[in-house]
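Notes follow once the structure below has been shown.
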Ligand SMILES: Cc1cc2nc3c(=O)[nH]c(=O)nc-3n(C[C@H](O)[C@H](O)[C@H](O)COP(=O)(O)O)c2cc1C
């Protein structure tokens with residue numbers, strides 16, 4: 001892969017262009033809150049006394065004593081979700097014109113920190129793309145510490161600049177993972193211990209000049225161990241990547257719907273990251289349960305504009321977990337303004353706050369809820385298995401042997417599909433490869449529904465995909481190209497594609513088990529699955545594109561099977577008019 005990195009230094013020449021940045025102050029919600037330190041000081045003592053007296057009714061006492069967790073107020077997710085649905089009517093009623101003069105700069109640039117260039121001359125892993133995408137975890141307990149070259153490859157193939165296009169208004173730097181509107185609102189931060197060839201610290205990854213910038217020197221992993229309530233992979237990871245989203249970089253175009261995009265656009269990055277980690281034989285795990293404020297403080301984020309969304313543990317070391325956190329100083333490093341002015345969409349901060357976890361105890365409780373979800377999922381699978389008509393068959397593990405890096409480099413969103421069929425084998429290879437467990441030991445939250453337009457060996461129609469058995473269940477047969485076009489926001493792409501994969505999630509039980517944080521997980525998982533489908537399709541030399549959709553119409557189309565579920569994402573697959581290189 002030598003020489004494949006795009007030299008984007010030219011793009012950095014605008015570093016010191018100063019713009020006045022307008023940003024409204026956070027509005028006050030008018031509620032009076034109990035001062036947290038006072039409450040915390042007394043809470044334990046009072047609760048202890050009451051528990052001794054009423055220990056058999058502990059849960060009632062605790063309910064009375066704890067301030068209601070925002071995460072449990074799931075009406076807030078429904079409010080956000082319903083308010084950001086697309087329908088034919090909502091698109092007409094609320095047109096949005098893009099202010100290109102105010103187009104946000106797609107990079108976070110620290111103006112006063114020197115870059116530490118990352119190595120650009122790594123060899124390819126040689127690992128076949130489909131096996132890297134489909135691997136759910138690296139087995140074994142052996143120690144594995146990444147070298148800087150490994151981290152460089154992971155960062156580059158997840159969020160690096162892979163293509164540049166020049167157009168009348170300027171240049172677009174396309175990245176390794178797809179992103180709504182090519183707005184690239186996610187930043188990656190590395191938190192690591194001393195590595196064989198790299199010093200411990202908290203770093204910001206800058207794709208523009210392919211460098212790391214040091215924000216804090218020393219080993220700060222203990223902050224993340226604390227914030228995740230000692231999640232085991234984080235406690236043993238020599239390196240952790242934290243992904244943070246910047247609202248305005250996406251809301252410039254998508255307004256309040258941006259929080260859904262956070263999940264999708266972070267998810268596609270993680271799909272690439274997991275595939276690369278697997279190709280490098282590095283254990284990696286996506287972790288979403290953490291005390292938000294502690295992680296944001298570590299990165300010194302201005303949380304009215306940028307927030308941590310997910311983290312990934314990389315590698316494994318046995319022995320002591322990192323020391324408990326020290327006091328975190330404010331950093332206040334200046335960064336260049338993104339636009340002349342910014343428009344605030346308070347709904348974004350509201351849903352983020354609603355899905356935030358506030359204490360380690362809440363994180364631990366949240367994580368343990370996953371087993372409740374698993375029991376519910378197991379029951380649902382048992383009930384449904386009887387009704388599945390066998391549409392598929394097992395996947396043959398054959399096909400192109402391009403390494404994962406080549407596939408990531410040639411991936412791009414297909415802009416026009418030929419109305420030509422793909423094979424059933426190709427479709428099932430894409431589906432089985434992409435739906436391997438994302439959460440070790442736990443089922444997916446999203447369900448997959450398909451419109452089949454042209455797949456050799458499969459009648460056109462609407463299908464449900466059974467992840468556990470890799471079977472396609474026919475829901476209704478017919479030519480649904482027009483419906484697919486309509487559901488995908490009246491774009492030609494889903495009408496012309498060979499197959500459209502819709503993700504729908506049963507939000508009621510998800511929110512019941514996981515609270516509002518479950519909404520984040522669901523959107524992120526949809527993005528990860530979509531990102532894997534992109535990669536698997538390109539591994540087979542097919543095309544793919546993510547798409548947005550008319551929410552309730554999607555549910556209605558797949559009902560009664562999909563009744564009560566919410567549409568989360570759509571990916572179209574087929575033969576691109578311009579074959580991928
Ligand atoms: C979640 C998601 C939704 C998308 N929705 C659309 C869409 O509705 N229409 C479209 O033409 N492209 C859509 N795209 C494709 C993006 O525009 C594309 O990823 C972006 O321009 C970057 O280009 P690339 O994927 O070729 O690297 C979507 C991509 C993602 C990840």
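Coordinate-derived values only; no laboratory data. This one's a predicted model, so the numbers in the text were calculated from it and none came from an experiment. No Cβ is skipped: glycine too gets one built from the backbone with ideal geometry, and neighbour counts run over all protein chains shown.
Some observations on this one:
- Alpha-carbon centroid distance for the pair segment 263-310 / segment 157-214, whole angstrom: 13 Å
- The ranking of 550, 442, 174 by Cβ neighbour count inside 10 Å, starting from the fewest, reads 442, 174, 550.
- Along its three principal directions, the equivalent ellipsoid of segment 164-290 from the Cα gyration tensor extends over semi-axes of 28, 17, 14 Å, largest first.
- A Förster distance of 35 Å, applied to the separation of the beta-carbon atoms of residue 577 and residue 335, puts the FRET efficiency at 0.30.
- Sorted on the mean count of surrounding Cβ atoms within 10 Å across their residues, most packed first, peptides 267-279, 475-487, 248-260 read 267-279, 248-260, 475-487.
- Neighbour counts of other Cβ atoms within 10 Å put 210, 333 in the fewest-to-most order 333, 210.
- Cα gyration tensor of segment 372-576 - equivalent ellipsoid semi-axes, whole Å, descending: 25, 19, 17
- By the beta-carbon count within 10 Å of each Cβ, the least crowded to most crowded order of 474, 448, fewest first, is 474, 448.
- Distance from segment 463-528 to segment 339-365 (C-alpha centre basis), Å: 26 Å
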